[in-house]
Amino acid sequence: MAKTIKLDPINVNVAIQTNDNLLSGLLSKDLQVMKECGGRGMCATCHVYVTQGMESLSPLNRREQRTLEVITTCTKFSRLACQARVLGEGVVVELPSGMYISDIDNIEDLIGRRAEDNILHPLTGAVLVEAGKLITRSMITQLQDTQVEAKDYLAKTRDA
Ligand code: FES
């Protein structure tokens, strides 16, 4: 049986098979969800806010709990879309505003431009560059380092 969830950012309803994760609903609507860790509950890139219907989702597992603890933008409404399974009706989901640094192919291209959107850390969800801010060369180096560090970290956890 399917359950309906509402995606707040684009104001549409999506049908999800009972027990499927929230991520499947987000992806079915082509929302930009990076899932940098491959849906293993290890990153911030599928972090969502469940503004209604939290009780209709599967409970937090240990891994999700641990990952949410390092996400600086985590609130009591936070879940990882790859871990939260839909068990009932009435779920409303909102995505954090911004794009993850890992989603930017060529960071160098940003030099001298203003960030179109918040640029976010893929593991902590922290805002690395606020929307509208001018991006300097020194910021580029930091962003590149962050991108590499996050990739290395996730690769190590994959091998472990
Ligand atoms: S995709 Fe990484 S935690 Fe969900």
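Quick notes
- Those residues of the range 86-112 which are under 20 Å from Cys43 (Cα atoms) and free of Cβ contacts under 8 Å to residues at least 12 places away in the same chain, in sequence order: Asp105
- Qualifying residue in the range 105-117 (condition: buried (at least 19 other Cβ atoms within 10 Å of the Cβ) and touching a Pro at 6+ places or on another chain (Cβ under 9 Å)): no
- Residue match in the range 130-137 (condition: surrounded by fewer than 13 Cβ atoms within 10 Å (Cβ to Cβ), at pLDDT 95 or above, in a strand (DSSP E or B) and not assigned by TED's automatic domain parsing to the domain that holds Arg40): yes
- Filter pass, Gln83 being within 13 Å of the ligand (Cβ to nearest atom) and over 24 Å from Val148 (Cα atoms): yes
- Of all residue pairs spaced 6 or more apart or on separate chains, those with beta-carbon atoms under 7 Å, a first member in the range 34-63 that is closer than 22 Å to Thr146 by Cα and a second member that is surrounded by fewer than 17 Cβ atoms within 10 Å (Cβ to Cβ) and of a type in the set (A, V, I, L, M) are Thr45/Met34.
- Number of positions in the range 81-129 that are in contact with a Gly (Cβ under 7 Å, 6 or more places away or on another chain) and in a helix (DSSP H, G or I): 0
- Given (1) more than 12 Å from the chain's Cα centre (by Cα); (2) within 16 Å of Thr157 (Cβ to Cβ); (3) of a type outside the set (Phe, Trp, Tyr), number of the condition Lys76 does not satisfy: (2)
- Exactly one residue out of Ser97, Ser102 is touching a Pro at 6+ places or on another chain (Cβ under 9 Å), loosely packed, with under 15 Cβ neighbours inside 10 Å and among the hydroxyl-bearing types (Ser, Thr, Tyr): that is Ser97.
- Inspection of the range 46-64 finds a residue satisfying the criterion of being surrounded by 20 or more Cβ atoms within 10 Å (Cβ to Cβ) and in a loop (DSSP other than H, G, I, E, B).
- From Ser28, Ser24, residue being farther than 18 Å from Leu120 by Cβ, touching a strand residue (DSSP E or B) at 6+ places or on another chain (Cβ under 7 Å), within 13 Å of the ligand (Cβ to nearest atom) and modelled with pLDDT under 95: Ser24
- If only residues of the range 8-45 that are in a loop (DSSP other than H, G, I, E, B) and among the acidic types (Asp, Glu) are counted, the one that is surrounded by the most Cβ atoms within 10 Å (Cβ to Cβ) is Glu36.
- In the condition set (1) within 23 Å of Leu128 (Cβ to Cβ); (2) among the aliphatic types (A, V, I, L, M); (3) touching a residue at least 40 places away in the same chain (Cβ under 8 Å), Leu68 is compliant with all but (3).
- Of all residues in the range 31-64, those being over 22 Å from Met99 (Cα atoms) and either among the small types (Gly, Ala, Ser) or more than 12 Å from the ligand (Cβ to nearest atom) (or both) number 10.
The values are calculated or read from the model by the stated rules, or taken from the named source; none is laboratory data. What you see is a predicted model, and the numbers here were worked out from it, not measured in a lab. All Cβ positions, glycine included, derive from the backbone under ideal geometry; neighbour counts span all protein chains shown.
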